[in-house]
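What follows is one structure encoded as C-alpha cells, with my remarks underneath.
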Amino acid sequence: MNAPVLLSAPALDAAERCARLFRYLYLDRLGGAGEGFEASERQGQAHRRFCRLVELAAQNRRIEPLLAAAGAQVQIWWERFTESPHFYPRGQRFFEYPLWVRLGSWRIGTHLNRLSLHEKQLTAFIWNTDLERPEDGDLLENWQLRLARTVLCLAGERLVGGRAVDPACLRLVVWFANAPERPYELDYSPPAFEADRRVLTLALQRLERFAATGYPLSADLRVCSGCLFRTRCYGLRPEGPMPFRSWEPQDFAPLEPQIDGPA
C-alpha cells in the first residue's frame, strides 16, 4: 500500500485519538473552519512570522521592516529570543529544514526550525510559541519531538557527511517563547533511539490495522466531545446513554406535554 499522505506529528496525534478522525483529516482531507479555526490560523501565522525573523537574523539579513509589521505578540517573542543563548548559533547551520523517511509502506516527515552542526554535535532546535509550556514528561512523549529526534537519526546522514547519525551526538532543544527561562533540552542516546523507533513502528502497525478495518469509530464517545466531524459519524446524536452533556445545547431533553387548560 502506498501512503496517500506524508505522516507528520499532527497525523499521528489524530490517529492516537481516533481512527476515523485520522481518515477524515488525512485521507479524505476534510479540513474546515470549525470552532476556534480562525484563532488557530492567527496563532499559526504569528508563529511563522517569528520563525522567519529568527532565520533572517541568523543570516545577518535586515529584519526591521518585517519586525515592525509582525504585530505586538511576535515583537514580544522576538525581544525574549534576543536575550536567549540561541540568538547567536554556533557551527554550520540549516534553517527550516524538512526531513522524511520511508518505513514500510509509510512516509514519515518532520520539520526542524534550526539545525546546527558543531564538531560532531548535531543540535536540533524547535521554536515553540504555544500559550503554555508542557511538563517534561509530556514533552518526552510528544510526537513532534519524537519524530524530530527519530527521523534525524534515520535520515540525517546528508547533514553529517553521508555517515549515519549517532544518537549519542544528537541534542534536541525546544525554546518556549512564553516560557523563555524554561527551555527543554534532551541529550539523545542509542537506547532512547531504539525505544522511539519501537514506538513509531507500533504506531504504523496500528495505522495498518485501521486501514484493514475501514478506520473504525472510537469506542469512547468522550473522544467525540467537541469533534468537528461527530455529526458525520452519528448524525444529530448517537443512540444510548451519553457520557457527557455537550453534544447539543439542551442534550435533547424530552419535551413536556402541553395540555390546554380550561378556557
| query | Exactly one of (1) in contact with a Leu (Cβ under 6 Å, 6 or more places away or on another chain); (2) without any contact (Cβ under 8 Å) to a residue 40 or more places away in the chain is unmet by Trp106. Its number? | reply | (2)
| request: Give the residues of the range 40-76 that are among the hydrophobic types (A, V, I, L, M, F, W, C), in contact with a helix residue (DSSP H, G or I) (Cβ under 7 Å, 6 or more places away or on another chain) and open to solvent by 30 Å² or more (accessible area, probe 1.4 Å), sorted by residue number. | output: Leu66, Leu67
| said: Every residue in the range 215-226 that is open to solvent by 40 Å² or more (accessible area, probe 1.4 Å) and touching a residue at least 40 places away in the same chain (Cβ under 8 Å), please. | reply: Pro216, Leu217, Gly226
| field | Unique match (being at pLDDT 95 or above, assigned to a helix (DSSP H, G or I) and open to solvent by 70 Å² or more (accessible area, probe 1.4 Å)) among Arg146, Arg80 | value | Arg80
| request: Would you mind stating whether Arg42 is part of a helix (DSSP H, G or I) and among the basic types (Lys, Arg)? | output: yes
| said: Just to be sure I understand the filter: pairs with C-beta atoms under 6 Å, separated by 6 or more residues or on different chains, first member in the range 131-147 and on the phi > 0 side of the Ramachandran plot and free of Cβ contacts under 8 Å to residues at least 60 places away in the same chain, second member surrounded by 10 or more Cβ atoms within 10 Å (Cβ to Cβ) and part of a helix (DSSP H, G or I). Which pairs pass? | reply: none
| Of all residues in the range 89-121 being open to solvent by 40 Å² or more (accessible area, probe 1.4 Å) and among the basic types (Lys, Arg), which is farthest from Leu152 (Cα to Cα)? | Arg90
| remark: Checked Gln43, Gln75 against criteria (within 23 Å of the chain's Cα centre (by Cα) and polar (S, T, N, Q)); the one match is Gln43
| said: Going through Val165, Val151, Val174, Val199 one at a time, which residue ends up being outside any strand (DSSP E or B), of a type in the set (A, V, I, L, M) and open to solvent by less than 10 Å² (accessible area, probe 1.4 Å)? | reply: Val151
| request: Please find, within the range 202-214, the residue that is farthest from Arg107 (Cα to Cα) out of those that are of a type in the set (Gly, Ala, Ser) and surrounded by 14 or more Cβ atoms within 10 Å (Cβ to Cβ). | output: Ala211
| Taking the stated definitions as given, is Glu135 modelled with pLDDT under 95 and surrounded by fewer than 21 Cβ atoms within 10 Å (Cβ to Cβ)? | no
| Positions within the range 177-196 being open to solvent by less than 40 Å² (accessible area, probe 1.4 Å) and either touching a Cys at 6+ places or on another chain (Cβ under 7 Å) or part of a helix (DSSP H, G or I) (or both), in sequence order | Ala192, Phe193, Ala195, Asp196
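The values are calculated or read from the model by the stated rules, or taken from the named source; none is laboratory data. Keep in mind the model is a prediction, meaning the values are calculated, not measured. Positions of Cβ are generated from backbone atoms using ideal geometry, with glycine treated the same way; all protein chains shown enter the neighbour counts. Ligands, DNA and RNA are excluded from the accessible area calculation, which covers all protein heavy atoms including side chains. Shrake-Rupley method; radii C 1.70, N 1.55, O 1.52, S 1.80 Å.
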